[in-house]
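Novice: One structure is given below, represented as structure tokens, and several questions about it will come after.
All of the numbers you see were taken from the coordinates with simple rules; none came from a lab. Note that the structure is predicted; figures quoted are calculated from it, not measured. Positions of Cβ are generated from backbone atoms using ideal geometry, with glycine treated the same way; all protein chains shown enter the neighbour counts.
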Amino acid sequence: MLLPADPKAEFLSFAPQIRAAIERVLTSGHYILGPEVEAFESEFSRYLGGGQVIGVANGTEAIELALRAAGVGPGDRVATVANTVTATVSAIEQIGARPVFVEIDPATLVMSLPALQAILAGTVVKAVIPVHLYGHPADMPGIMALCRAAGVVVIEDCAQSHGARVGGRHAGTWGDYAAFSFYPTKNLGALGDGGAVLASQPEGADRVRRLRQYGWRQRYIAESPGRNSRLDELQAAILRVKLPFLDALNARRRLLAAAYEEQLASLPLRLPATAAGVEPVYHQYVIRTDRRDALREALLPQGITCGVLYPVPIHRQPAYADPDLSLPESERACAEVLCLPCHPGITEADVETVARAIRTFFAR
Ligand SMILES: Cc1ncc(COP(=O)(O)O)c(C=O)c1O
């Protein structure tokens with residue numbers, strides 16, 4: 001069975017090191033915010049090449065805490081895209097802010113720069129959250145130029161882009177803050193929930209650190225309002241096992257993506273596009289066809305399970321429905337996208353199997 005992601009296969013490939021890391025934590029006596037979290041934070045910030053990492057409970061809260069640290073509050077508007085997971089928007093909602101949806105670029109499926117420019121010209125926005133969807137970063141040089149000129153905070157949603165680069169810099173190091181998820185299927189995944197904020201400035205890092213634990217700077221003394229959103233020692237230890245292999249795992253994803261590109265080239269499909277200066281990490285390998293649902297169903301009995309991320313844009317979902325808002329590119333993308341199995345747990349032969357099944361489907 002070929003799956004869109006296979007966290008069990010990834011666990012098995014690191015099993016001895018992960019078991020040793022778990023044993024080390026179990027016998028350490030530190031289970032929350034101890035030496036493993038501290039070490040992971042400094043290793044991940046060194047890997048990213050800038051800023052301070054603060055481990056938190058999950059990716060949604062990473063976005064929420066970054067928004068709070070940036071001073072976004074009730075009633076503020078936050079611009080993001082509508083073809084993301086609802087988590088991005090629920091983080092905005094948690095603080096009483098309101099999402100403003102920006103149209104996407106039809107080729108790369110990430111935030112469109114002209115669309116953002118139009119929004120910033122007509123709406124007072126406090127923060128922008130570009131989502132580096134499927135492992136392809138948004139146009140960060142362009143977004144930063146627009147947002148700096150408008151005095152708007154930028155929080156990168158890096159839940160799907162660990163290790164991706166734009167203009168030679170890691171995704172996450174462009175904005176004021178970045179939010180990472182370590183959900184088990186992510187390019188850098190834990191074996192449970194986990195997340196991190198990357199703060200570009202020490203004062204911002206300090207605010208996030210206080211926010212994640214009851215507003216404490218010093219134990220038991222709340223200096224500011226806060227909450228509990230901590231990364232635990234077990235997950236941090238597991239992430240430390242995998243981090244040194246992140247680039248190699250991403251390189252493997254790129255090889256598989258290149259194999260798909262070659263083998264699907266002649267079909268009536270839209271294959272993923274890569275913008276100039278971007279080094280994507282293929283969190284998903286996403287093809288587009290108006291026969292998406294039929295193709296997905298045809299592949300299933302052949303043992304090929306594909307994902308649809310995401311089937312309904314947020315402004316068309318019951319919780320956030322806005323019938324007056326039209327985002328044709330986002331709506332079309334959600335109707336057409338299909339995520340093929342593309343992760344380090346599969347082989348080139350698996351890619352061939354999937355490509356052959358897709359060719360057969362279009363030959364009918
Ligand atoms: C783009 C995006 N943003 C935010 C999140 C939320 O992360 P988490 O599930 O760790 O809260 C996810 C994970 O599903 C995601 O893919």
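Novice: Please rank M144, M1, fewest neighbouring Cβ atoms within 10 Å first, as an exposure proxy.
Specialist: Values: M144 18, M1 8.
Lowest to highest Cβ neighbour count: M1, M144.
Novice: Still on this structure, I have one more. Along the Cα→Cβ direction, 7 angstrom out, place labels at L300 and S90. What is the inter-label distance in nm?
Specialist: 2.5
Novice: May I pose another question? Please list, in chain and number order, the residues 5+ apart from W216 or on another chain whose amide H is under 5 Å from its amide H, with Hs placed from the backbone.
Specialist: Those qualifying (amide H under 5 Å, at least 5 residues apart or on another chain) are E223.
Novice: If neighbour count is taken as other Cβ atoms inside 10 Å, put W174, W216 in order from fewest to most. Numbers along the way, then the final one.
Specialist: Values: W174 23, W216 16.
Going from least to most buried by this count: W216, W174.
Novice: Right, another one. Could you identify which residue out of F180, F14, F40 has the top mean-square fluctuation in a GNM of the chain using Cα springs shorter than 10 Å?
Specialist: For the chain, modelled as a Gaussian network with Cα springs under 10 Å, the answer is F14.
Novice: Contact order normalised by length for the range 1-120, with contacts defined as Cα pairs under 8 Å and 6 or more residues apart; what percent is it? Display every interim value, and only then the final one.
Specialist: On the way: 92 pairs, mean separation 18.0, N = 120.
Relative CO of the range 1-120 lands at 15 percent.
Novice: Another question about this same structure. I want to verify a result. In a Gaussian network model of the chain, Cα cutoff 10 Å, which of these has the top mean-square fluctuation: V100, V89, V128?
Specialist: Fluctuation is largest for V100.
Novice: Right, here's the next one. Assigning unit charges at the beta carbon (Lys, Arg +1; Asp, Glu -1) and nothing else, what dipole magnitude in debye, to the nearest 20, does the chain show about its Cα centre?
Specialist: Here the size comes out at about 260 debye.
Novice: Size of the dipole of the range 245-363 about the Cα centre, Lys and Arg at +1 and Asp and Glu at -1 on the beta carbon, nothing else charged, in debye to 20? Don't jump to the answer; show the numbers that get you there.
Specialist: On the way: 12 positive and 15 negative charges, 43 e Å.
About 200 debye.
Novice: Considering only V166, G194, A82, whose Cα is most displaced toward the positive end of the charge dipole of the chain, charges sitting on Cβ of Lys, Arg (+1) and Asp, Glu (-1)?
Specialist: Final value for the positive-end residue is G194.
Novice: Among K126, K242, which comes first, then next, by fewest other beta-carbon atoms within 10 Å?
Specialist: On the way: K126 19, K242 23.
Ascending number of Cβ neighbours within 10 Å: K126, K242.
Novice: What's the local net charge at D247, with K and R +1, D and E -1, over the other residues with C-beta under 12 Å away?
Specialist: Details: positive: R165, K242, R252, R253, R254; negative: E279.
Once all neighbours under 12 Å are counted, the net charge is +4.
Novice: In addition: Once you charge only the Cβ atoms, +1 for Lys and Arg and -1 for Asp and Glu, what is the size of the charge dipole of the range 212-266 about its Cα centre, to the nearest 20 debye?
Specialist: On the way: 10 positive and 6 negative charges, 64 e Å.
Here the size comes out at about 300 debye.
Novice: As an exercise, use a Förster radius of 30 Å and the Cβ-Cβ distance of A265 and R169 to find the FRET efficiency, rounded to the nearest 0.05.
Specialist: 0.45
Novice: Order 110-121, 219-230, 332-343 from most to least packed using the mean count of other Cβ atoms within 10 Å.
Specialist: Sorting 110-121, 219-230, 332-343 by mean packing, highest first, produces 332-343, 110-121, 219-230.
Novice: Out of the DSSP beta bridges found with both residues in the chain, what percent are antiparallel (nearest 5)? The partial results should precede the final answer.
Specialist: Numbers: 25 of 39 bridges.
Percent antiparallel among DSSP bridges in the chain is about 65.
Novice: What is the spin-label model distance, in nm, from A273 to A39 if the labels are put 7 Å beyond Cα along the C-beta direction?
Specialist: Placing both labels 7 Å along Cα→Cβ, they lie 4.5 nm apart.
Novice: Can you tell me, using C-alpha contacts under 8 Å and at least 6 residues apart, the relative contact order of the chain as a whole percent? Before the final figure, lay out each step's value.
Specialist: Working: 765 pairs, mean separation 82.3, N = 364.
Computed value for the chain: 23 percent relative contact order.
Novice: Could I ask something else about it? For A150 and A319 in the same chain, what is the full-extension length gain: residue separation times 0.36 nm, less their Cα-Cα distance, in nm? If you can, show how the numbers build up before the last one.
Specialist: On the way: separation 169, 0.36 × 169 = 60.84 nm, distance 3.00 nm.
Between A150 and A319, full extension yields an extra 57.8 nm.
Novice: Build a GNM of the chain with springs between Cα atoms under 10 Å: which of P280, P130, P35 gets the top mean-square fluctuation?
Specialist: Answer for the Gaussian network model of the chain: P35.
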